[in-house]
Structures are given as C-alpha cells and as structure tokens.
1. Can you name the number of the only condition in (1) at positive phi; (2) of a type in the set (D, E, K, R); (3) buried (at least 17 other Cβ atoms within 10 Å of the Cβ) that Arg20 fails?
2. From Asp39, Asp56, Asp26, Asp71, grab the single residue that is modelled with pLDDT under 95 and more than 21 Å from Arg109 (Cα to Cα).
Amino acid sequence: MRKQSYSSGTVWEEMAGYSRAVRVGDRILVAGTTATGPDGLVGGDDPAAQMDFIVDKIGHAIEQLGGRLEDVVRTRVFISDLAHWEAVARAHGKRFGHIRPVNTLVEARLVGAEYLVEVEAEAIIGAGGA
C-alpha cells in the first residue's frame, strides 16, 4: 500500500519530522493540530474560535489527500483547561454534529500557553456516504 503525506508548512513538521496528515489506502490520519495559521495563533483566547480554525485546517488536510470532512470517523480533542470543555464541545458539535465521529476530549498540557485546543482526527474515505 502506498503512503501519501501532506504538510501544512508549520515549522514544527520539519523540525520534529512529521506530516500534518498521512493517507494509507482509504485511511487518513491527521496529526495533533492547533490553531496556528501563517501569521501565528488564530482565535486568541477564545477556545471555540481556535476549535473552528482547527477543524478548517483538518478539513483542508483531509481534502488534500482525497477525502472530505464528512469522512472523519474519530476525533481526539485535547484542551489546556477543563473550564473550556463546554465551549470546545459545542464548537465540535457545530462542525461534526451531522457527521458524528467517535470522540475523546481530555485535559492536557499543550505545548505553548496560548494554545487552548489541539485535535487529532482519523478519516476513512467514503465513510461519509455519497
């Protein structure tokens, strides 16, 4: 089976030797993704805004490898402060409510105090139907 990789161009990908997303067969695995845009942090101190940007970034990575956001079957959400769980969960629900992937949300120490949310995702091409 051939492996395809996608890089979003963040400095960490090259430094740490990883890809934003990898496709193997009909599976796409997306690395832990933060609200980092070309000009730095997106969403400021708003965890829901960070989550929205992250989902867009994940969706773009999946599309670059031939999938769609609707193909996501699992998300893992890491938050830096448990007080943000509801805002992040609601933002997840807004974007994934019609997709309904399995999900885990945990509190974790993220790299960088400005990052309130980090998300991993897994997609299976065609899982989202026609």
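The values are calculated or read from the model by the stated rules, or taken from the named source; none is laboratory data. The model shown is predicted, which means the values in this text are computed figures rather than measured ones. Glycine gets a Cβ as well: all are built from the backbone with ideal geometry, and neighbour counts include every protein chain shown.
1. Failed condition: (1).
2. Details: Asp56 fails: modelled with pLDDT under 95; Asp26 fails: modelled with pLDDT under 95; Asp71 fails: modelled with pLDDT under 95.
When all the criteria are applied, what remains is Asp39.
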